[in-house]
Amino acid sequence: MYEKISPCQTGSAITYKDGQPIVPDNPIIPFIRGDGTGVDIWPAAQKVIDAAVECAYGADRSISWFKIYAGDEACEKYGTYQYLPQDTLNAIKEYGIAIKGPLTTPVGGGMRSLNVALRQINDLYACVRPCKYYPGTPSPHKTPEKLDVIVYRENTEDIYLGIEWPKGSEVGEKLITLLNQDLIPATPEHGKKQIPLDAGIGIKPISKTGSQRLVRRAIQHALRLPKPKQMVTLVHKGNIMKYTEGAFRDWGYELTTTEFRAECITERESWILSNKEQNPDITLEDNARAIEPGYDALTPEKQAKVIQEVENVLNSIWDTHGQGQWQDKVMVNDRIADSIFQQIQTRPAEYSILATMNLNGDYLSDAAAAMVGGLGMGPGANIGDTCAIFEATHGTAPKHAGLDRVNPGSVILSGVMMLEYMGWQEAADLIKKGISDAIANREVTYDLARMMTPPVEPPLKCSEFAEAIIKYFS
Ligand SMILES: NC(=O)C1=CN([C@@H]2O[C@H](COP(=O)(O)OP(=O)(O)OC[C@H]3O[C@@H](n4cnc5c(N)ncnc54)[C@H](OP(=O)(O)O)[C@@H]3O)[C@@H](O)[C@H]2O)C=CC1
Ligand SMILES: O=C(O)CCC(=O)C(=O)O
Ligand SMILES: [Mg+2]
């Protein structure tokens, strides 16, 4: 089954039942070291994870690490351009959970992202990136402790599908000509628009299936959170991209009000219900006026539609969600993407799970990580129904590679997510305690050290930070 690697002699595979991992006491877990700073952060993370498992479970549990290859290291082992060998794909499929360091993707041309390929090949459709504040972490934000959000990013489609053509390419020009001559004129809403012939062209597919399976996981996660955090915000730029991003919002609400009808309330429904709770005699029209800004300026047809919406909500969920019952449900709302970037800064406490399409989630997860200490503190998981790969939010940070300098916190916290996913909570908790205590005692790497007041001089090395975390287990 494997050409150039050999699975561990001890341990066994993690399997799945009904989408949940079944984890033996000695699982074999494949790991990819990663390019750039992967040489620094992966060994540090592995050391911390092993120490936590040993400290929590003694000889009863352990991880058998299985080294697999991708990126530069894969080319060294398998030959030129062998960036993602079949051995690697086979191992991830066989063992069910993997963890990886970052992999380089060239800008402009060259190969497509290996990181994205791993997500697409394994159908890891939910990219889960928690951004939570560890006390004592320096932050450019005044109240970082108020931010506790989890970005749920759709991970398999959007422009990351990589269907695009460069300016001047044969297929690109053919497509532009077809669009300009046949397709755009056939759609009156496009008017006389034309695509410049010297344009590059990219396709942005957003499917109902892809959107709803992501939102489903986001709502399921919200249901497991304590009440004040039982919220899911659908993030989109649907005012501009109506049939992709706007549709993501609509499909999210459709799922909310069908599959999760008993458990959820939408923000707009909550306004309608609370208007009636506060004024039981309110007319349908006054209720419609209260929920729709600019109602009086709408055409009669549009006003009738809002009145109908109010009537439908009251008829269908007053008994089950009215009289305050909606306050115990998961609140699903939506925000336009540009606005959410300022909202998480100005009103961080009002958000919890942010369900996004691929590109918006990519941007938003870096921005949210910055608020709680930076990319060195940004973990992540790529989750599917029969496989999961854990990795940091950040990339290879090439200028720091091999210097034993960067913060391994993001990969270590990705390890925490992995342990929690495996149900090894005691080991995960030890690592969280170790990180908290190390930061609180100002034992940090350069990225946090330079933001502290006064700055920590000299900062810990990457490997030293790992040792500090382990020191605080007990
Ligand atoms: N999943 C993956 O494997 C990902 C891969 N990439 C790839 O990584 C490569 C480099 O991307 P780039 O845009 O430079 O983004 P990076 O995320 O690699 O680095 C940007 C900056 O973030 C800070 N940073 C990153 N990692 C850490 C860390 N562990 N500790 C402290 N600070 C950190 C550094 O800031 P400073 O220097 O200011 O201290 C660094 O210069 C590209 O090829 C890109 O495609 C990008 C994202 C994800
Ligand atoms: O694959 C890459 O190189 C970048 C991916 C990325 O930025 C991300 O997943 O956050
Ligand atoms: Mg990114």
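The values are calculated or read from the model by the stated rules, or taken from the named source; none is laboratory data. Predicted model, so just to flag it, every value in this text is computed and none were measured. We place every Cβ from the backbone using ideal geometry, glycine too, and count neighbours over all the protein chains shown.
The figures follow:
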item	result
Criterion violated by residue 433 - all others in (1) more than 30 Å from residue 235 (Cβ to Cβ); (2) buried (at least 22 other Cβ atoms within 10 Å of the Cβ) satisfied	(2)
Qualifying residue in region 337-344 (condition: buried (at least 16 other Cβ atoms within 10 Å of the Cβ), among the hydroxyl-bearing types (Ser, Thr, Tyr) and within 23 Å of residue 236 (Cα to Cα))	no
Filter result for residue 365 (within 16 Å of ligand 3 (Cβ to nearest atom), outside the structural domain of residue 47 (by the TED database), modelled with pLDDT of 95 or more and under 16 Å from the mean Cα position of the chain (by Cα))	yes
Residue count for region 391-405, restricted to those that are closer than 22 Å to residue 116 by Cα and either within 11 Å of ligand 3 (Cβ to nearest atom) or part of a loop (DSSP other than H, G, I, E, B) (or both)	8
Residues of region 64-115 that turn out to be within 16 Å of ligand 1 (Cβ to nearest atom), under 12 Å from residue 5 (Cα atoms) and either of a type in the set (Val, Ile, Thr) or part of a helix (DSSP H, G or I) (or both), as a count	3
Leading residue by the ranking (modelled with the lowest pLDDT) among those in region 155-201 that are part of a loop (DSSP other than H, G, I, E, B) and either at positive phi or touching a Leu at 6+ places or on another chain (Cβ under 8 Å) (or both)	191
Flag for residue 333 being within 16 Å of ligand 3 (Cβ to nearest atom), modelled with pLDDT of 95 or more, polar (S, T, N, Q) and under 32 Å from the mean Cα position of the chain (by Cα)	no
Pick from region 217-269, criterion in contact with a strand residue (DSSP E or B) (Cβ under 7 Å, 6 or more places away or on another chain) and of a type in the set (S, T, N, Q), ranking: surrounded by the fewest Cβ atoms within 10 Å (Cβ to Cβ)	239
Residue in region 449-461 that is within 30 Å of residue 22 (Cα to Cα) and either not assigned by the TED database to the domain that holds residue 32 or not aromatic (Phe, Trp, Tyr) (or both) present	no
Top-ranked residue in region 351-367 [being among the hydroxyl-bearing types (Ser, Thr, Tyr) and out of contact with any Ser or Thr (no Cβ under 7 Å at 6 or more places or on another chain); ranked as surrounded by the fewest Cβ atoms within 10 Å (Cβ to Cβ)]	363
Single residue of region 409-427 satisfying the filter (of a type in the set (Ser, Thr, Tyr) and surrounded by 24 or more Cβ atoms within 10 Å (Cβ to Cβ)) that is farthest from ligand 1 (Cβ to nearest atom)	414
All positions within region 199-212 that are in contact with a Phe, Trp or Tyr (Cβ under 6 Å, 6 or more places away or on another chain) and farther than 13 Å from residue 159 by Cα	208, 211, 212
Looking only at region 126-148, and only at residues there that are within 16 Å of ligand 2 (Cβ to nearest atom) and in contact with a helix residue (DSSP H, G or I) (Cβ under 6 Å, 6 or more places away or on another chain), the one that is nearest to residue 209 (Cα to Cα)	126
One residue from 110, 79, 162 being within 16 Å of ligand 2 (Cβ to nearest atom), without any contact (Cβ under 8 Å) to a residue 40 or more places away in the chain, farther than 26 Å from residue 376 by Cα and out of contact with any His (no Cβ under 8 Å at 6 or more places or on another chain)	110
Complete set of residues in region 314-327 that are without any contact (Cβ under 8 Å) to a residue 60 or more places away in the chain, buried (at least 18 other Cβ atoms within 10 Å of the Cβ) and in contact with a Leu (Cβ under 7 Å, 6 or more places away or on another chain)	321
Subset tally (residues that are touching a strand residue (DSSP E or B) at 6+ places or on another chain (Cβ under 8 Å), in a helix (DSSP H, G or I) and of a type in the set (Val, Ile, Thr)) for region 318-365	2
Restricting region 374-399 to residues that are surrounded by 24 or more Cβ atoms within 10 Å (Cβ to Cβ) and either outside the structural domain of residue 122 (by the TED database) or over 29 Å from residue 16 (Cα atoms) (or both), the residue that is farthest from ligand 1 (Cβ to nearest atom)	377
Among (1) in contact (Cβ under 8 Å) with a residue 40 or more places away in the chain; (2) within 25 Å of residue 378 (Cβ to Cβ); (3) assigned to a loop (DSSP other than H, G, I, E, B), the one test that residue 51 misses	(3)
One residue from 162, 191, 168 being within 30 Å of residue 90 (Cβ to Cβ) and loosely packed, with under 14 Cβ neighbours inside 10 Å	162
